[in-house]
Amino acid sequence: MRTGLLTEPLDGLDEALEAVDAFDRALVAGLLRPQADGAAGPARLADAVAGTPLAARVAEAAAKAAAGVAGEDHFVALAAARTALLGSVHDALLARVEEAAGRTRGADTAPAAAERPPAANLLTAARAWLSDLARCGWQGLDHEVVSGAAEVVSAMLPDPSRRRLATLLDGFAAELAASCPGASAERFPVRRWADLWSRGMLLTVPGAAVAPATGTVDGRLLPVGIDLTEHATAAQAQVHAVFEPADGSASRLVRAAVSVPKPDTVVGAGIWQLLRPHMSLLAAAGEGRSMELTGMPVTAEGDLLWSDEHARPGEPAEAFATARVALPTATAPVTAPLDRHPARIAVPVFLEGYTARTDDDGRLTFTVAGTELAVDTDRIPAAGPLTPEAVATSGACIALIRWDAGAFRVQPLAVETTVRKKVTPVHAGAWAGGTADKAGARAEKAATDAAKVLSERAGRLLRK
């Protein structure tokens, strides 16, 4: 990799982010009434998109917001401008990573998605609630305002086509409720809440939440790593892989993910028990095996809509061999318009020949060809044998390049390290298919016991 490119400045990056931050600060105080300071945020957005197709509508929306008379359409325009700015940041950063990796980007060849008639009344209700939030601001939050989402979410959840927006609104409302009343809160997650607000606002536009178009693929899938994320009540495993089409065309990067709800008592390696039954690919990735796909649905963005009936186990395929040989030449997928956000950047790369250093505060960095890259050890899951210590003594690494806190960072998925004078691969997802490791086995047993107890309690409640 040409890692030096990852530390070079990008023209216009700081200016775009400053305009976004100015608008986000305006949302803290709210846009209900004219405010000299609050008006600067919308005005900065308008200035940033001047000369684009959004210019006239955003300029009007900024003026209305400055006067405290912005309506729902004006808030949609401001959300669109903010999303467009972050999308441009995403594109510039992603282009820089791909240039550093020497990788090309694929074309969007998927057919257009068929649009379902929107449930206009539900979208309008959701937009009205989000507009109320913008008017009162995070400092003006109270339980009466936040509770307005409950009825909208309940009406949307039964419809699969509305579930994406319903889930966002439900989670957003829960976070807001935990900070009520806003007047007494010392600080707010300003960027995050503005992200959720603007994304929700755009999803209320008819057609924005249409399911992505899909095609089907045949060929060989070579897993390179598993990214596991966990919350108190949910977990997700996303497998990053190289797909080699059966027709001999260029290989491409793809992803396959599975998400499950979970009890907060299931932690560590026990999480795999919940995820494993839903995706045979997890076991294949954990065992270092390829998968043969036939008619597997895939989106233009490279997301496999996994179905076990379209896959069968293939030959052994060691992830580091795939990373060395196939990963550098695989074509990168396109990004869906609403997913163009810096936080979404997660580019799989292979690094070797670096030196690792841990400073006095425990922060780990890789020095690759003279360039220092911070290593995000906080993203290493507890549900696998990979540890920060193994990463610090490694000589090769399969990782995701992410952008966080104004810089590119490395998230290790697997490393090669020396164990008893032998180079040994250690994978974050090594226990996905099961494990004989003592610590992993204990966590699996604890998860089994917890699930059994919860099942018995649920049975008693139902009988009552």
Legend entry - Unique match (being at negative phi, surrounded by 20 or more Cβ atoms within 10 Å (Cβ to Cβ), among the small types (G, A, S) and not in a loop (DSSP other than H, G, I, E, B)) among A237, A257: A237
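Rundown of residues vs (1) surrounded by fewer than 17 Cβ atoms within 10 Å (Cβ to Cβ); (2) of a type outside the set (S, T, N, Q); (3) in contact (Cβ under 8 Å) with a residue 24 or more places away in the chain, yes/no style:
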site: E175; (1), (2), (3): yes, yes, no
site: S184; (1), (2), (3): yes, no, no
site: P189; (1), (2), (3): yes, yes, no
site: R192; (1), (2), (3): yes, yes, no
site: R199; (1), (2), (3): no, yes, yes
site: P212; (1), (2), (3): yes, yes, yes
Inset, instruction - Looking at (1) touching a Ser or Thr at 6+ places or on another chain (Cβ under 9 Å); (2) in a helix (DSSP H, G or I), find the lone condition where P277 falls short. - result: (1)
Inset, instruction - Answer with yes or no whether D376 is surrounded by fewer than 14 Cβ atoms within 10 Å (Cβ to Cβ) and among the charged types (D, E, K, R). - result: no
Legend entry - Any pair with Cβ under 6 angstrom, 6 or more apart, that starts in region 54-75 at a residue that is within 13 Å of A134 (Cβ to Cβ) and ends at one that is of a type in the set (D, E, K, R): G68/R33; A70/K64; E72/R127; H74/K64
Legend entry - Selection count, region 357-371, where residues are of a type in the set (A, V, I, L, M, F, W, C) and at pLDDT 95 or above: 2
Inset, instruction - Would you check if there is a residue in region 301-315 being polar (S, T, N, Q) and within 13 Å of H240 (Cβ to Cβ)? - result: no
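So in region 396-437, with the set limited to residues that are part of a strand (DSSP E or B) and of a type in the set (K, R), which one is surrounded by the fewest Cβ atoms within 10 Å (Cβ to Cβ)?
The residue in question is K422.
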Inset, instruction - Using the structure shown, decide if A125 is in contact (Cβ under 8 Å) with a residue 60 or more places away in the chain, surrounded by 15 or more Cβ atoms within 10 Å (Cβ to Cβ) and not polar (S, T, N, Q). - result: no
Inset, instruction - Please go through region 53-72 and pick out each residue that is in a helix (DSSP H, G or I), among the hydrophobic types (A, V, I, L, M, F, W, C) and either modelled with pLDDT under 95 or closer than 20 Å to D24 by Cβ (or both). - result: V58, A59, A61, A62, A63, A65, A66, A67
Legend entry - From the options A178, A250, residue that is closer than 30 Å to G286 by Cβ, modelled with pLDDT under 95 and hydrophobic (A, V, I, L, M, F, W, C): A250
Inset, instruction - Being buried (at least 19 other Cβ atoms within 10 Å of the Cβ) and hydrophobic (A, V, I, L, M, F, W, C) narrows it down to one of A343, A323, so name that one. - result: A323
Legend entry - One residue from T204, T216, T167 being out of contact with any strand residue (DSSP E or B) (no Cβ under 6 Å at 6 or more places or on another chain), touching a residue at least 40 places away in the same chain (Cβ under 8 Å) and among the hydroxyl-bearing types (S, T, Y): T204
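Yes/no per residue for (1) assigned by TED's automatic domain parsing to the domain that holds P277; (2) of a type in the set (G, A, S):
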| site | (1), (2) |
| --- | --- |
| D170 | no, no |
| A177 | no, yes |
| A183 | no, yes |
| P189 | no, no |
| G219 | yes, yes |
| T229 | yes, no |
| Q238 | yes, no |
Inset, instruction - Look at region 285-324 and say how many of its residues are closer than 13 Å to P223 by Cα and either more than 23 Å from the chain's Cα centre (by Cα) or in the same structural domain as E416 (by TED's automatic domain parsing) (or both). - result: 17
Inset, instruction - Kindly list, by first and then second residue, each pair from a residue in region 389-411 that is farther than 17 Å from V347 by Cα to a residue that is of a type in the set (A, V, I, L, M), limited to pairs with Cβ atoms under 6 Å and residues at least 6 apart or on different chains. - result: A390/V415; A390/V426; V391/V415; A392/A356; A392/L364; S394/V415
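The values are calculated or read from the model by the stated rules, or taken from the named source; none is laboratory data. Just so it is clear, the structure is predicted and the values come from calculations on it, not from any experiment. Please note: Cβ atoms are built from the backbone with ideal geometry, for glycine as well, and neighbour counts cover all protein chains shown.
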